[in-house]
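Report on the following structure.
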Amino acid sequence: MQQFLTTNLLSLLLLCSHLVLNNADAGSDKGALLGFKSGISKDTTGILSTWVATTDHCTEWEGVQCDPTTGRVTSLLIQAPPDGYMEGTLSPSLGGLTSLEVLVITGTKHIAGPIPPAISNLTRLSQLIIEDSSLAGAIPPGLGRLTRLASVSLAGNRLSGSIPPSIWDLPNLQLLGLARNSLTGAVLVPKSSRRPILQSIDLSHNLISGQIPTAFRNLTFLDLSYNRFTGQLPPSLFTLQNLQDLSLDHNQLSGKLPASMAGLKSLARLSLSSNRLSGGIPPSISTLQKLWYLNLSSNGFSGQLPGMAGLPSLVSIDLSFNNLSLGTVPNWIKDRQLSDVRLAGCGLKGRLPVFSRPNSLMSLDLSHNSFELGISGFLTNASSLQSLDLSGNQLTFDLKEITLPPGISSVQLGSNRITGSLSAILNNSSRISFLEVLDVSRNRISGPIPDSITNLTGLKRLDVARNRVSGTIPSSLGKLIDLQWIDVSVNLLAGKIPSSLLGVKRLRHANFRANRLCGEIPQGRPYNIFPASAYAHNLCLCGKPLPPCRVRE
């Protein structure tokens, strides 16, 4: 009996000791959270207003979650709303949350300074996500010690330096996101890091150089776009049978596309635009049964375009600005149900193409070719079209011949031989009330800017430069409060620049040069701080940024 009591007493003492230690640790967690709060000098999100020292941090503090048994903090989620932000720094006290498993701080915008090395003390951490703020400095190498990490995302900050090689040795890492920073150097993956568990890598929008890393086997997502990668595409890249999304655009990659592209059996999205790739487009690309997005624009591809009728999933294609001389739009493009077709600068000529299924088209770019005819009926049944670019061709037609589909938001017809009056399309503005971009620059358009243009309440860009537009600038333009760009230069406009334009507060670019305008420039931002060249070569414009107007005696 005495032995039984002694044993139970020891167990009770151990339990009490454990509870005391847990309570002490829970108390230190609260102190660590208050240390984080003290590093934030301004919080417009309202999240930290719930962090009051006299309340229970596990049940009453927003974004804090605790283990119900131990009382230790296991999760810290601070997700700022779009209209909120925090200013300050990340306190090293976060390193005291030694039971933390999930750390998410996103959208805070103005938390600056470095990532504290004390983060490396959080050995139980499985998710580390600190996105869209202003963190600077290097990525702490100590993160490589956090062997439970499955997700790491530090995207949208101002981090610099190279990626610590130790990160690639994390045995449980599935997702790595370091996009939109200022990281430099090469991606140095140790040979020991052939981790089959790693599935997603996003290093886009950095300054990373060197060759494309190859020590991966089971990737489903790889985005290295907007960097400075050089060299050829590594053969191992085309053995990734699970890869679904590959984006290498806007780098300095060279060489050819290999026939082994057929190995990318799961590929759904391929973007290689704006590199230095050359040679022919291999026929093997047509074996990619799941490919729905293909962008090979702005490279040096040449030769004949292989038939790609074998791409049953394709809905978006961009072959613009290569050395292809297609002559005509291939039938396999015209006859299939595509939503986005971009064939700018592809050596096309003659009549505009007739698409068999125009009602599926949402975006069509045939700019910088040599089309001359075919505008009449060209957009018939293109009921879903939102963006049209026919600029930089040799099209000769009157504006009254074009019927824009309802719901279109962008129309670019610049640098052609188009005649007629803007009234021909704007007097029926109820059909195009969603228009945001209208560019008819460098044509032979005449007549006035009609008052009906004010029905385009969402218009953001208006470019009628280098035409024969006459009359006055309608004062009703001041109602287009979303307007950001206006260019009416090199026309025959007379009268004043209406002061009502002062109501357009979002304007970033304006050009009134080379007309017959006279009178005082609207004296208010941004008109009086645009360069003088925006008003040059008129009859008698005056006032800032030009010389003052003369006072009549």
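The values are calculated or read from the model by the stated rules, or taken from the named source; none is laboratory data. What you see is a predicted model; the values in this text were computed from it and never measured. Note that each Cβ is placed from the backbone with ideal geometry, even for glycine, and that neighbours are counted across all protein chains shown. Keep in mind that these areas ignore ligands, DNA and RNA; they rest on the heavy atoms of the full protein, side chains included. Shrake-Rupley method; radii C 1.70, N 1.55, O 1.52, S 1.80 Å.
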* Structure fact -> The lone condition residue 509 fails out of (1) within 24 Å of residue 441 (Cα to Cα); (2) open to solvent by less than 30 Å² (accessible area, probe 1.4 Å); (3) touching a strand residue (DSSP E or B) at 6+ places or on another chain (Cβ under 8 Å); (4) not charged (D, E, K, R) is (2)
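Among the listed residues 275, 251, 242, identify the single one that is open to solvent by 10 Å² or more (accessible area, probe 1.4 Å), touching a Leu at 6+ places or on another chain (Cβ under 6 Å) and farther than 13 Å from residue 213 by Cα.
Details: 251 fails: touching a Leu at 6+ places or on another chain (Cβ under 6 Å); 242 fails: touching a Leu at 6+ places or on another chain (Cβ under 6 Å).
Answer to the check: 275.
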* State whether the residues of segment 377-388 include one that is open to solvent by less than 40 Å² (accessible area, probe 1.4 Å), more than 25 Å from residue 292 (Cα to Cα) and not hydrophobic (A, V, I, L, M, F, W, C). => no
* Asked: For segment 474-499, which residues satisfy the criterion of being without any contact (Cβ under 8 Å) to a residue 40 or more places away in the chain, of a type in the set (Val, Ile, Thr) and not in a strand (DSSP E or B)?
  -> 481, 488, 490
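Okay, residues lined up against (1) open to solvent by 20 Å² or more (accessible area, probe 1.4 Å); (2) in contact with a Pro (Cβ under 9 Å, 6 or more places away or on another chain):
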position	(1), (2)
515	no, no
530	yes, yes
537	yes, no
543	no, yes
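Anything in segment 383-406 that is acidic (Asp, Glu) and touching a strand residue (DSSP E or B) at 6+ places or on another chain (Cβ under 9 Å)? List them, or say none.
Residues satisfying the conditions are 389, 398.
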* Scan segment 332-351 for residues that are under 22 Å from residue 274 (Cβ atoms) and either assigned to a helix (DSSP H, G or I) or open to solvent by 50 Å² or more (accessible area, probe 1.4 Å) (or both) and report the count. => 2
* Asked: Can residue 488 be described as crowded, with 21+ Cβ neighbours inside 10 Å, within 16 Å of residue 435 (Cβ to Cβ) and not charged (D, E, K, R)?
  -> no
* What do you reckon, is residue 180 touching a residue at least 24 places away in the same chain (Cβ under 8 Å), charged (D, E, K, R) and out of contact with any Ser or Thr (no Cβ under 6 Å at 6 or more places or on another chain)? -> yes
* To do: Can you work out which of the residues in segment 289-313 that are at pLDDT 95 or above and among the hydrophobic types (A, V, I, L, M, F, W, C) is surrounded by the most Cβ atoms within 10 Å (Cβ to Cβ)?
  => 291
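Can you give me the number of residues within segment 400-456 that are touching a residue at least 12 places away in the same chain (Cβ under 8 Å) and part of a loop (DSSP other than H, G, I, E, B)? First the steps, then the outcome.
Looking only at segment 400-456, we keep the residues that are touching a residue at least 12 places away in the same chain (Cβ under 8 Å), and these are 400-427, 429-456.
Pick out the ones that are also part of a loop (DSSP other than H, G, I, E, B) and you get 402-409, 413-418, 420, 422, 427, 433-436, 440-445, 448-450, 456.
Of the residues in segment 400-456, 31 are touching a residue at least 12 places away in the same chain (Cβ under 8 Å) and part of a loop (DSSP other than H, G, I, E, B).
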* Pick from segment 149-177, criterion touching a Lys or Arg at 6+ places or on another chain (Cβ under 8 Å) and touching a residue at least 40 places away in the same chain (Cβ under 8 Å), ranking: farthest from residue 207 (Cα to Cα) -> 172
* Structure fact -> Scanning segment 359-376 for residues that are part of a loop (DSSP other than H, G, I, E, B) and in contact with a strand residue (DSSP E or B) (Cβ under 8 Å, 6 or more places away or on another chain), the one most open to solvent (accessible area, probe 1.4 Å) turns out to be 362
* Give me the pairs, please: first residue somewhere in segment 528-540 and under 14 Å from residue 494 (Cβ atoms), second residue anywhere and modelled with pLDDT of 95 or more and assigned to a loop (DSSP other than H, G, I, E, B), beta-carbon distance under 6 Å, and either six or more positions apart or on two chains. => 537/513; 537/514; 538/515
* So how many residues does segment 444-473 have that are at pLDDT 95 or above, over 30 Å from the mean Cα position of the chain (by Cα) and open to solvent by 60 Å² or more (accessible area, probe 1.4 Å)? -> 5
* **Residues satisfying the stated conditions in segment 316-331, i.e. crowded, with 17+ Cβ neighbours inside 10 Å, among the β-branched types (Val, Ile, Thr) and assigned to a loop (DSSP other than H, G, I, E, B)** => 329
* Structure fact -> When restricted to 476, 415, the only residue over 26 Å from residue 525 (Cα atoms), buried (at least 16 other Cβ atoms within 10 Å of the Cβ) and of a type in the set (Ser, Thr, Tyr) is 415
* To do: Identify, by number, the condition in (1) surrounded by fewer than 19 Cβ atoms within 10 Å (Cβ to Cβ); (2) farther than 21 Å from residue 41 by Cβ; (3) within 31 Å of the chain's Cα centre (by Cα) that residue 110 doesn't meet.
  => (2)
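Per-residue answers, yes or no, for (1) open to solvent by 20 Å² or more (accessible area, probe 1.4 Å); (2) closer than 26 Å to residue 99 by Cβ; (3) in a loop (DSSP other than H, G, I, E, B):
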| site | (1), (2), (3) |
| --- | --- |
| 168 | no, no, no |
| 173 | no, yes, yes |
| 197 | yes, yes, yes |
| 212 | no, no, yes |
| 219 | no, no, yes |
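Please go through segment 424-443 and pick out each residue that is among the small types (Gly, Ala, Ser) and either modelled with pLDDT under 90 or open to solvent by 30 Å² or more (accessible area, probe 1.4 Å) (or both). Please lay out each step first, then the result.
Let us first name the residues in segment 424-443 that are among the small types (Gly, Ala, Ser), namely 424, 429-430, 433, 441.
Matches in segment 424-443: 424, 429, 430, 433.
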* Structure fact -> Flagged in segment 364-383 as small (Gly, Ala, Ser) and without any contact (Cβ under 8 Å) to a residue 40 or more places away in the chain, in numbering order, are 370, 374, 376, 377, 382, 383
* Asked: Quick one: which of 256, 265 is out of contact with any Ser or Thr (no Cβ under 8 Å at 6 or more places or on another chain) and among the basic types (Lys, Arg)?
  -> 265
* Asked: Within segment 134-142, is even one residue among the aliphatic types (A, V, I, L, M), more than 21 Å from residue 227 (Cβ to Cβ) and not in a strand (DSSP E or B)?
  -> no
